[in-house]
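What follows is a single structure, written as structure tokens, with notes after it.
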Amino acid sequence: MAKYLIVNADDYGMCHAANEAVAELFDGGFLKSATVMMPCPTAKEAVEYSNAHPEHAIGIHLTMTSEWGEYRWKPLTNGKTLVDEEGYMWHESDQVEKNASYEDLEAEIRAQIDLAHSWGMKPSHTDNHMGSLYGHYTGRLGLAKMTLRICGEYGYAYRLYTAHDKRICPKGTPYFLYAAITLLSKRWGKKYNVVIPDYLLFPDWNDDMRKSYETYRDTILKIWTDLPDGVTETFIHPSVESDELKSITSRWQDRVWEYQLMKDPYTHKYLKDHGVELISYRELIKMKGGVVKG
């Protein structure tokens, strides 16, 4: 079996810098999939691009966390368990797992999808911001089951994984829990008729990678080509360099380099030379015999 890789641009709609980068990557043919954060200030701009370019696989980045210090957003619903003492979404995924009720989370998931529909969007797939709906942090695996059930009702593919490999076990997640989620997501995906990638590769930045763009690029490409056969998804957060981005995060350079990585001809040549084919979520859905949306 061949090695296929989905590189999804997460955090589309988070800010103008992200929107500019993602649109440029799509327009240049460098990117195949992205997902929009519906509660964020520039989400409508991203949705308008998606509506104008139905050929691109653009989905919904189900958002239950608001991680930045000053630049934050609120839920679309009034769920009291979804917010911190300041009234914004929780900063971290483990806070969502510990505090948010199933009822409030389900209402928010549906509200985010429904808002995209109301703006004319036809999403190709769904995924989850920061893994807050996976149960990785507290073992609250019912969150993954609930989310797959909802995605099944809407008919959307969802980012999880149905196979496990020690090379790509999420950092900080015990391997037994990683394997358990694999088995359960495969079972629930089948039950609710949701297309899921085989593997999910969680990117992990470290200071060694930040020495230079070339160091980052070469490190990532080695990871992206040391994959099991099948379909692996990974994700990036591309943004152009701007004062806006620098005001949001001190790690702005990471996101700019992720943008540069996908524009770099060397990236695409390296993947091709190492037998890794970049595909979109629509191609994944076709491979798995699902119904292509969008």
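What the table shows:
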{"item": "At 1.002 mPa s and 20 °C, Stokes diffusion of the range 103-202 via Kirkwood alpha-carbon radius, µm² per second", "result": "154"}
{"item": "Protein accessible area in the chain, 1.4 Å probe - carbon and sulfur %", "result": "50"}
{"item": "The range 216-282 - convex hull of the alpha-carbon atoms, volume per residue in Å³", "result": "101"}
{"item": "Gain upon complete extension [Asp226, Trp205; 0.36 nm per residue less C-alpha separation]", "result": "5.9 nm"}
{"item": "Two-decimal Rg to Rh for the range 72-112 - Kirkwood Rh, Cα set", "result": "0.91"}
{"item": "Calculated FRET efficiency for the pair Lys80/Cys169, C-beta based, R₀ 41 Å, to 0.05", "result": "0.75"}
{"item": "Whole-number Å³ per residue for the convex hull built on Cα positions in the range 21-152", "result": "108"}
{"item": "Candidate lysines - alpha carbon under 20 Å from Lys3, same-chain residues fewer than 8 apart omitted", "result": "Lys32, Lys166, Lys186, Lys222, Lys269, Lys272, Lys286, Lys288"}
{"item": "Per-residue ³J(HN,Hα) for the range 48-54, Karplus 6.51 cos²θ - 1.76 cosθ + 1.60, θ = phi - 60°, Hz, x for Gly and Pro", "result": "4, 5, 4, 5, 7, 9, x"}
{"item": "Estimated D of the range 155-199 in µm² per second, where Rh is the Kirkwood radius over Cα pairs and Stokes-Einstein applies at 10 °C, 1.306 mPa s", "result": "148"}
{"item": "P(r), alpha carbons of the range 4-92 - 10 Å bins starting at zero, rounded %", "result": "17, 46, 26, 10, 1"}
{"item": "C-alpha center-to-center spacing [the range 172-244, the range 1-69] in angstrom", "result": "16"}
{"item": "Rh (Kirkwood; distinct C-alpha pairs) - the chain, Å", "result": "19.1"}
{"item": "For the chain, share of DSSP beta bridges that run antiparallel, in % to the nearest 5", "result": "5"}
{"item": "Residues Glu214 and Gln95, FRET efficiency given R0 of 51 Å [Cβ-Cβ distance, rounded to 0.05]", "result": "0.90"}
{"item": "Extended-chain gain in nm, criterion 0.36 nm per residue less alpha-carbon gap, Phe176 and Lys191", "result": "3.1 nm"}
{"item": "Efficiency of FRET from Cβ geometry, Lys263 and Glu48, R₀ 25 Å, rounded to 0.05", "result": "0.65"}
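The values are calculated or read from the model by the stated rules, or taken from the named source; none is laboratory data. The model shown is predicted, which means the values in this text are computed figures rather than measured ones. Glycine also receives a Cβ, built like all others from the backbone with ideal geometry; neighbour counts cover every protein chain displayed. Keep in mind that these areas ignore ligands, DNA and RNA; they rest on the heavy atoms of the full protein, side chains included. Shrake-Rupley method; radii C 1.70, N 1.55, O 1.52, S 1.80 Å.
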